[in-house]
Amino acid sequence: MEQSRGRCSSLSFKALLITQALGALNDNLFKTVVALLFLNEIAKEATKVAYLSASLAFFVLPYVLFSGYAGWLSDRYSKVWVIRGTKLLEVVIMFLGVIGFLLKAPSFLIFVVFLMGFQSALFSPAKYGILPEMLSEEELSKGNGYLELFTFLAIIAGTALAGFSSSMSNPGVLSLLIAFAGMGTSFLIKDVNASEHYPKFVLNPFKNNITFLKKIREQKGLWLTVLGIAYFWFLGGVFQMNIMIFSKEELALTDSLTGILLAILGIGIGIGSTVAGKVSEGKVELGLVPLGALGLTIFSFLLGVTSSYILVALWVFLIGTSSGFFIVPLNAYLQAKSPQKERGRYIASSNFFTFVAVLIASFLFWIAEGVLEVKPSQVFIIISGITVLVSLYLLKLLPEMLARCINWIIIHLFYRIEKINFQNLPKEGGALLVCNHVSYIDAQLLLASIPRPVRFLMYRPIYELALVKPLAKAVGAIPIAAKDGREKISKTLKYCAELIKKGELVGIFAEGGITRDGEVQEFKKGLETIMEGLSEPIVPVALKEVWGSIFSFSEGKVLFKKPKKIPYPVKIIFGKPLPSSAKAY
């Protein structure tokens, strides 16, 4: 049975945030205390690096080994009960942590870190998979932003507590109390229905992951999203280990000052995640990803050539902010585009792929600093270079991300958009959007307002302009002109019909040109030709108050006039869907 989905303000969502935050706090607290133990108690540099690499590897290894089981659990049973079960398991593991600190045995503590990774691997698909079942699609990006914010606020708290608890006779006691608190808050999360789909249990833990990674690879957008998430955590794995050694060896910082740097990183990620969630404005905005990648590239390089503590703190903060812009849209896209019945296994397969990347990161880190003796500052410069290459690869395969990024920047600099009756836009399935044409930036306004890709018909002479064509091609614009001739125009309109049949949105400015007086002109019959024989709806879209912007013909000219206001307020009104048989006039 379908359940109504709520908002970020609900008690259930808040309980999920706190439960997740307590888990992240405990993970970070325990791992940091163990890492400080290695750094302070072990004299030999190569041994320090080896233990740090091993602690990261043993935390992520369960994601590789058990992600398949975790995804099956999340899809087979109520995600809320999976969350509660894993929080109970966390309590048991923290009991072992108390014993580990009593024994003061590094190898046993690494084993406890492995068990923490096992618990987190089981928790992750349920934690992320429940969001689309708990929140409406309009709230999903915002919810992801809050989830990342609370996660990294917890990391800040965990880092601060690590410095305090490392001086306790047994730091594991604090972790045990936090585990009990997390188990308690998990019972405030409102239950959601278990899937009516009963996936078969597969004993081989890798089979499900490989099967679903193959499915993901068939969908270019999802596959590139999974690649992006994996690279982010690869980067995070290297960065977390490297910043600690960089602080100790090159900056000669105390544990407290090192902790402050890690806290600043967490604050940056939290702020970046919150801003990314808010500016997404109720949609999954992949245009933010290139912005995040650019920030990671620039500030990682600057970090590698800086020795001033103040500047290091600034670059670390900006790396954190850029990280939020990078990861929030990717997580939201994976959740939104994964099939509901298989969402847990899609997320688990992404986790599997991600933490294989993190395992590789821990190995490469050990090779770089433990064997080749690369300086930590040089590692940051290498990170910057790799990020450039990865970003170029992603943008080459999915140029829409760059186009959306550029469009997002332009529109949000100069316009403030109010969407009215947005619920009339279909969330899935094909449709023809029929819009009035007021300015040269109408399509850009609509692309910035609609979460789904829209294939707009575009006047061919403008499409062919050297500066316009790469971006127009990236967003899938369809060129057309009266000079194309009847046969070519007919083929173009049939192509539009095929796209709608396949479930895509096609946009048309039905007047056939931009208004010169601000009034709606007579609609052309091209929309009737497109919709002939289709059952999908026509959605009328009205652009209001755009007349008067510098891109309209108000005052008899375009661009060469003083803007009335920046940002310029406009309204986009989505009408009720009409039948495909609706006439142009």
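Only residues that are in contact with a helix residue (DSSP H, G or I) (Cβ under 9 Å, 6 or more places away or on another chain), surrounded by fewer than 19 Cβ atoms within 10 Å (Cβ to Cβ) and among the small types (G, A, S) were counted in segment 498-525, giving 2.
Residues that are within 17 Å of S552 (Cβ to Cβ) and in contact (Cβ under 8 Å) with a residue 40 or more places away in the chain were ranked within segment 402-420; the one that is surrounded by the fewest Cβ atoms within 10 Å (Cβ to Cβ) is R416. Considering segment 184-215, and only residues there that are part of a helix (DSSP H, G or I) and at pLDDT 85 or above, the residue that is surrounded by the most Cβ atoms within 10 Å (Cβ to Cβ) turns out to be S186. Residues of segment 443-471 that are surrounded by fewer than 20 Cβ atoms within 10 Å (Cβ to Cβ), touching a residue at least 60 places away in the same chain (Cβ under 8 Å) and in contact with a helix residue (DSSP H, G or I) (Cβ under 7 Å, 6 or more places away or on another chain): L471 alone. Against the condition within 25 Å of the chain's Cα centre (by Cα), surrounded by fewer than 20 Cβ atoms within 10 Å (Cβ to Cβ) and of a type outside the set (F, W, Y), how does L89 come out, does it pass? Judged against the criteria, L89 is not a match. You will find that of P290, P329, the residue that is closer than 28 Å to F123 by Cα and assigned by TED's automatic domain parsing to the domain that holds L135 is P329 and no other. Just one of the listed residues (T258, T306) is more than 26 Å from the chain's Cα centre (by Cα), at pLDDT below 80, assigned by TED's automatic domain parsing to the domain that holds I386 and not small (G, A, S), namely T258.
If we scan segment 156-169, do we find a residue that is crowded, with 21+ Cβ neighbours inside 10 Å, out of contact with any Asp or Glu (no Cβ under 9 Å at 6 or more places or on another chain) and under 24 Å from F66 (Cα atoms)? Among the residues of segment 156-169, not one is crowded, with 21+ Cβ neighbours inside 10 Å, out of contact with any Asp or Glu (no Cβ under 9 Å at 6 or more places or on another chain) and under 24 Å from F66 (Cα atoms), which makes the answer no.
The values are calculated or read from the model by the stated rules, or taken from the named source; none is laboratory data. No experiment lies behind these values; they were computed from the predicted model shown. So basically every Cβ, Gly included, is an ideal-geometry build from the backbone, and we count neighbours across all protein chains shown.
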